[in-house]
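A.B. asks: Just dropping this structure here.
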Amino acid sequence: MHISSEMGTQLQTILSRRTLLGGAFWLGGLGPAWARKKKKAAQIPPGRAARIISGQSFTLSDGRTVRLGAIAAPRMAYQDIRGEPLAKASRAALRRLITDHLLSFTDPAPDKFGRLKAQVFAQDLATSPPVWIQSEMIKHGFARVHTWRDDKTHAAALLALEIEARAKRRGLWAEDYYAVRDAQSIGASIGSFQIVQGRIVDAAIVRKRVYLNFGADWRNDFTISIAPKDAKRFERAGINLAGLSGARVRARGLIRSQNGAILYIDHPEALEILE
């Protein structure tokens, strides 16, 4: 998908659509009381795991459901949805890490499903240092980094662990299913969370929306799209989006279909500039 600044009139219909970026979003006023509070003021009481749902979620003995923030574990089978490779192994790894441990939580972020999305720490004895669960899941290859606009504080540390795990082909990184996808062939992965890598052919800005194009054919080639309000976050992070033509990058998120494969991102941590 290639979009140049001269094509603004042809794209008016597409550009007028309001797109929900970055996967999860929050509807104000819904969900549990603790989630409606500002992060700074939220105090999440510790607890113990009662049931492990997947490699990224579990319930506590008091009924709360926890979703591990900033990571994506393989999807478990559900109804008629097929499970992803190593989903059970990922769940088993989380079970080993948190069962019979006192769990504490930091950086709580709202979740539209009413779950507690947070960084999780497990402590066995009062004298032992807490274990950061997300880092263990990433380090051993049982999950990939998946940040959100409201859940990106630990992105750099987790990305460093992911790079090491991928280089050593630990866990899911030994499976072709989880390989980093080439931007030229990402079309086959529409509808799934992917990590995509490639070189930006052209960085175009149309009505303040940024399009990072990875090919010359805008009807078929892969594109990253960033809304005007989100582009400001990149500016504050020192990233000149308009100057990324020719840059090799790695991005992650849900691959959608719109005149070819497209990835909407809304925060800088979802885009790694490799060179």
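A.B. asks: Count the DSSP beta bridges whose two residues both fall in region 216-275, then state the antiparallel fraction as a percent rounded to the nearest 5.
C.D. replies: Working: 6 of 9 bridges.
Around 65 percent antiparallel, to the nearest 5.
A.B. asks: Here is a follow-up. Given axes a ≥ b ≥ c from the Cα gyration tensor, I'd like to know whether region 33-147 is rounded (a/c under 1.5), prolate (a/b larger than b/c) or oblate. Let's see the in-between values first.
C.D. replies: On the way: a/c = 1.65, a/b = 1.23, b/c = 1.34.
Verdict is oblate for region 33-147.
A.B. asks: Here is a further query. Which ³J(HN,Hα) values in Hz, rounded to whole numbers, follow from the phi angles of region 86-99 under the Karplus curve 6.51 cos²θ - 1.76 cosθ + 1.60, where θ = phi - 60° and Gly and Pro get x?
C.D. replies: 6, 4, 5, 5, 5, 4, 5, 5, 5, 4, 4, 6, 10, 5
A.B. asks: When you count, for each residue, the other Cβ atoms within 10 Å and take the mean per peptide, how do 213-226, 184-197 rank with the highest first?
C.D. replies: Details: 213-226: 20.4, 184-197: 16.2.
Averaged packing, sorted descending, gives the order 213-226, 184-197.
A.B. asks: Which shape class, rounded, prolate or oblate, goes with region 123-275 when its Cα gyration tensor gives a ≥ b ≥ c as root eigenvalues, a/c under 1.5 marks rounded, and past that a/b bigger than b/c marks prolate? Spell out each step's value before the answer.
C.D. replies: Details: a/c = 2.43, a/b = 1.61, b/c = 1.51.
Here region 123-275 falls in the prolate category.
A.B. asks: Using 7 Å Cα-to-Cβ label points, what is the residue 88/residue 106 separation (nm, one decimal)?
C.D. replies: Going by the 7 Å Cα→Cβ label model, 3.6 nm.
A.B. asks: ³J(HN,Hα) across region 260-266 via Karplus (A = 6.51, B = -1.76, C = 1.60, θ = phi - 60°), whole Hz, x for Gly/Pro?
C.D. replies: x, 6, 9, 10, 8, 10, 10
A.B. asks: Another one. Treat the count of other C-beta atoms within 10 Å as a stand-in for reagent exposure and order 78, 211 from fewest to most. Show your work: numbers first, answer last.
C.D. replies: On the way: 78 9, 211 24.
Fewest-to-most Cβ neighbours within 10 Å comes out as 78, 211.
A.B. asks: Same structure, new question: Residue 272's amide H: which non-local residues (gap 5+, or another chain) put their own amide H closer than 5 Å, with H modeled 1.01 Å from N in plane and none for Pro or chain starts?
C.D. replies: 250, 251
A.B. asks: Taking just the alpha carbons, could you work out the radius of gyration and Dmax for region 48-100, both in angstroms?
C.D. replies: 11.0, 32
A.B. asks: Which cross-chain or sequence-distant (5 or more) residues have an amide H under 5 Å from the amide H of residue 101, H modelled 1.01 Å from N in plane?
C.D. replies: Under 5 Å from the amide H of residue 101: 49.
Each value in this text was obtained by applying a stated rule to the coordinates, not by laboratory testing. If you're wondering where the values come from, they're calculated on a predicted model, not measured in any experiment. So basically every Cβ, Gly included, is an ideal-geometry build from the backbone, and we count neighbours across all protein chains shown.
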